[in-house]
Amino acid sequence: MTSPARHYAVGATVFARDGQLGILEAVLPGEGPTEPGALLVQPAGEARRLIVPLALVDTAASTPSAIRLAGERADLLALAQQTEAARDRVVVPVHEERLVPATRDVELGTVRIHKRVEPVPVETAVELASDEVTVERVPVHRPVTTAPDPYYDGETLVVPLVEEVLVTERRLEVREEVRITRRRVTEQVPVRETLRREVVEVEGQGNITAAPPRPRKPRRPRKRQDQDHG
């Protein structure tokens with residue numbers, strides 16, 4: 001049976017996990033034909049050569065011209081030995097297992113959400129405004145030459161009324177004045193209406209607990225003023 005070490009060519013580049021380690025100088029076979037051998041590597045920048053057991057070679061990632069080792073450069077250099085002691089001593093790497101904590105997502109349950117619309121009776125007060133007009137007729141009997149125009153006396157609109165009277169001469173006389181006063185009157189009118197709102201129902205399954213919805217304060221309606229001009 002052919003030894004696996006014979007697949008690697010002398011002069012091939014040897015790589016550690018964290019970068020290039022050196023050049024392959026020789027392949028050292030094992031004691032038996034089925035036993036793995038070792039690689040004699042000249043590390044870059046090092047005077048001594050390194051004997052690497054074939055068991056440290058990542059055979060799946062290696063090629064005859066590029067050999068990749070399962071170890072860091074510092075750890076592999078710690079195994080370096082002199083060429084004279086290479087055949088008398090076997091370097092056995094010591095491994096240990098380390099616990100690496102990890103997390104994964106676990107489904108604890110599901111939540112189903114239903115939304116429905118329910119009517120909500122609402123009662124509130126709306127402020128309405130209206131105008132009241134007071135008409136006062138005041139006798140004047142003041143002679144004028146032309147008909148006077150309406151005018152304002154404060155908030156009162158005065159509309160003069162004229163008539164012709166029979167005297168020794170014809171002339172205009174203010175017979176009376178119509179005094180019109182407007183004032184604003186407000187009153188509270190109850191308004192009842194039915195509004196709609198959305199309600200969310202949550203059904204918990206598994207370890208999920210659905211919290212009840214928080215009560216919501218009703219909104220105050222917006223004021224709307226309707227003005228009637230008289």
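For the range 140-150, the Karplus equation 6.51 cos²θ - 1.76 cosθ + 1.60, evaluated at θ = phi - 60°, returns couplings of 10, 6, 10, x, 9, 8, 10, 6, x, 7, x Hz by residue, with Gly and Pro reported as x.
Near the amide H of Gly37, within less than 5 Å, lie the amide hydrogens of Ala5, Gly30, Leu54, all on another chain or at least 5 residues away, with H placed in the peptide plane. Less than 5 angstrom separates the built amide H of Arg68 from those of Phe15, Asp58, Ser62, Thr63, all sequence-distant by 5 or more or on a different chain. Remark on Gly22: its backbone amide H falls under 5 Å from those of Val14, Ala44, a criterion applied only to residues 5 or more positions apart or on other chains, H modelled at 1.01 Å from N.
Readers should treat all values here as calculations from the given coordinates under stated rules, not as data from a laboratory. All figures in this text were calculated on a predicted structure; none of them were measured in a lab.
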